[in-house]
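The values are calculated or read from the model by the stated rules, or taken from the named source; none is laboratory data. Just so it is clear, the structure is predicted and the values come from calculations on it, not from any experiment. No Cβ is skipped: glycine too gets one built from the backbone with ideal geometry, and neighbour counts run over all protein chains shown. Areas reflect the complete protein model, heavy atoms only, side chains present, ligands, DNA and RNA absent. Shrake-Rupley method; radii C 1.70, N 1.55, O 1.52, S 1.80 Å.
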Amino acid sequence: MTTYEKYKNSGITLECAGFDERGENIPYFCTPADADIIGRPGVDGIHFCFVPEYGETVFCISPMNGAEDAIHVVSNNFADFLSLLMACGDTAAIEQAWQWDKSSFEKFLAEYPPTDEAKSVFDQLENELGITPMAEPYDYMMNLQKDFDYSKLKFTEEYYDILGIPMPE
């Protein structure tokens, strides 16, 4: 059983940390064509997804960033995503980290610590799933993003139209 399946079966919800799984899973122009949307913070169309060819790798889709900066890989797997979320306190830092230096990231975390409700849910993740906060969340995401080949992701025709490039065969 995958960590994602264990999480889903646990009954734990992370809405208080910006990861709402309820509602419609509506893809945007910049959502990979075969993505499985797994959660959202509920603002600006931002959502998190798996792409089948990448297993439990978690991607963050931010439509308001524009096509060229709309998608970022944020974790190798769902266990790391939960660990990252625990370290960051909310998905906001995960979604925005790509555009910051480490100092800005750490300043954001200091200004927006996790709520008491989120801390309580994170305790549940640790007790029920054995997940602990990631030690170096910024370094983890930056290392993952710098080496990721986004050209292998497949998008809808609308995405390529917005970029003004032909859709790959």
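Summarising the amide proton neighbourhood of ASP20: residues at separation of 5 or more, or on other chains, whose placed amide H is nearer than 5 Å comprise ARG40. A cut-off of 5 Å between modelled amide H atoms, ignoring neighbours fewer than 5 places along the same chain, links SER75 with VAL58.
Taking every Cα-Cα distance in the chain and sorting them into 10 Å bins starting at zero, the pair-distance distribution P(r) comes out as 10, 40, 36, 12, 2 percent.
With the cut-off at 1.5 for a/c, could you classify segment 57-108 from its C-alpha gyration tensor as rounded, prolate or oblate? Judged from the Cα gyration tensor, segment 57-108 comes out oblate (a/c at least 1.5, b/c at or above a/b). Picking from ILE12, ILE38, ILE46, which is most flexible by a Gaussian network model of the chain using Cα springs under 10 Å? Comparing ILE12, ILE38, ILE46 in a Gaussian network model of the chain, the most mobile one is ILE12.
Each helix, a run of at least 4 DSSP H residues, gives -39500 (n - 2.57); summed and divided by the residues of the chain, these come to -10500 deg cm²/dmol at 222 nm. Of all aspartates and glutamates in the structure, the ones whose alpha carbon falls short of 19 Å from that of LYS119, not counting any fewer than 8 places away in one chain, are GLU15, ASP20, GLU21, ASP80, ASP90, GLU106, GLU111, GLU128, GLU136.
Would you please state which residues of segment 11-45 a label at SER120 would reach in this model, taking the label point 7 Å out along Cα→Cβ and a backbone N cut-off of under 19 Å? Once the point is set 7 Å along Cα→Cβ of SER120, 11-21 turn out to lie under 19 Å by backbone N, inside segment 11-45. The heavy atoms of LEU144 present about 30 square angstrom of accessible area, all protein chains included, probe 1.4 Å.
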